[in-house]
């Protein structure tokens with residue numbers, strides 16, 4: 001593997017299993033620094049698992065993963081300095097914010113990670129206030145996260161990562177639970193991250209947003225393998241492949257005695273750990 005910062009991630013032939021059930025099978029992927037990638041795939045195809053491996057929450061049973069040219073292994077991250085360096089550079093926003101949020105107040109949530117990574121308190125306060133202001137949640141500062149709406153929780157989860165100012169953003173179904181206005185603002189936010197040169201990897205079922213958030217699409221099939229890797233417009237126009245990967249389906253109905261078939265998107269779903 002190339003040992004430099006040209007690559008945010010290098011993944012070589014990884015396999016991951018939950019209790020002997022395949023979640024990822026022989027996955028290879030190279031992510032250059034500054035890329036915007038959408039990970040597409042049906043429910044349970046392995047998208048969320050891949051993000052968690054890139055965030056070093058899970059480690060594959062076989063294969064190799066490097067982050068910024070350094071091996072991403074459980075043994076390597078026993079070194080606190082290396083673990084802290086990774087946590088400062090890579091931020092994961094979970095699909096379900098209830099999994100991510102645990103502090104008594106929004107302020108505690110947004111300041112938790114930078115405080116525990118050893119940043120000076122004055123800098124932590126500055127970063128937290130900046131993140132909350134950017135996402136327009138300053139008014140929620142003293143609220144308990146578990147009492148917020150789904151959209152508000154999502155914004156708090158984003159702010160908790162934003163306060164770290166990571167180089168890499170891993171977003172798992174970021175538009176889930178957001179109303180249309182909040183979805184639009186989130187897309188603007190992702191656009192701003194891109195202008196700053198951040199690496200953005202988004203797992204999503206929402207095909208409507210793919211061309212806006214990504215320059216490259218990596219598509220998973222239901223056999224937990226990568227089946228396509230290319231430009232969004234090209235892959236989104238491949239209806240046979242989308243149907244094969246269970247991302248759209250053909251809905252048949254009769255009109256004036258003739259049967260017609262139309263492509264339909266599946267509703268947004270979510271992945272479960274096996």
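The values are calculated or read from the model by the stated rules, or taken from the named source; none is laboratory data. All values derive from a computational prediction rather than experimental measurement. We place every Cβ from the backbone using ideal geometry, glycine too, and count neighbours over all the protein chains shown.
Some points to look at:
- Some residue of the stretch 26-40 being over 23 Å from residue 230 (Cβ atoms) and surrounded by 20 or more Cβ atoms within 10 Å (Cβ to Cβ): no
- The conditions of being in contact with a helix residue (DSSP H, G or I) (Cβ under 9 Å, 6 or more places away or on another chain) and over 23 Å from residue 46 (Cβ atoms) are met by residue 102.
- Considering only residues in the stretch 131-148 that are part of a loop (DSSP other than H, G, I, E, B) and modelled with pLDDT of 90 or more, the one that is surrounded by the fewest Cβ atoms within 10 Å (Cβ to Cβ) turns out to be 142.
- Criterion violated by residue 14 - all others in (1) under 30 Å from residue 239 (Cα atoms); (2) surrounded by fewer than 16 Cβ atoms within 10 Å (Cβ to Cβ) satisfied: (2)
- Hey, residue 207 under 14 Å from the mean Cα position of the chain (by Cα) and under 30 Å from residue 156 (Cβ atoms) or not: no
- Test result for residue 128, surrounded by 15 or more Cβ atoms within 10 Å (Cβ to Cβ), more than 19 Å from residue 182 (Cβ to Cβ), modelled with pLDDT under 90 and touching a helix residue (DSSP H, G or I) at 6+ places or on another chain (Cβ under 7 Å): no
- Some residue of the stretch 101-112 being surrounded by 17 or more Cβ atoms within 10 Å (Cβ to Cβ), touching a residue at least 24 places away in the same chain (Cβ under 8 Å) and touching a strand residue (DSSP E or B) at 6+ places or on another chain (Cβ under 9 Å): no
- Restricting the stretch 54-68 to residues that are farther than 12 Å from residue 31 by Cβ and in contact with a strand residue (DSSP E or B) (Cβ under 7 Å, 6 or more places away or on another chain) leaves a set whose member that is surrounded by the most Cβ atoms within 10 Å (Cβ to Cβ) is 60.
- Residues that are within 19 Å of residue 87 (Cβ to Cβ) and assigned to a helix (DSSP H, G or I), drawn from the stretch 102-124: 108, 109, 110, 111, 112, 113, 114, 115, 116, 121, 123, 124
- For the stretch 76-91, the set of residues classified as more than 21 Å from residue 162 (Cβ to Cβ) and assigned to a helix (DSSP H, G or I) consists of 76, 77, 78, 80, 81, 82, listed by residue number.
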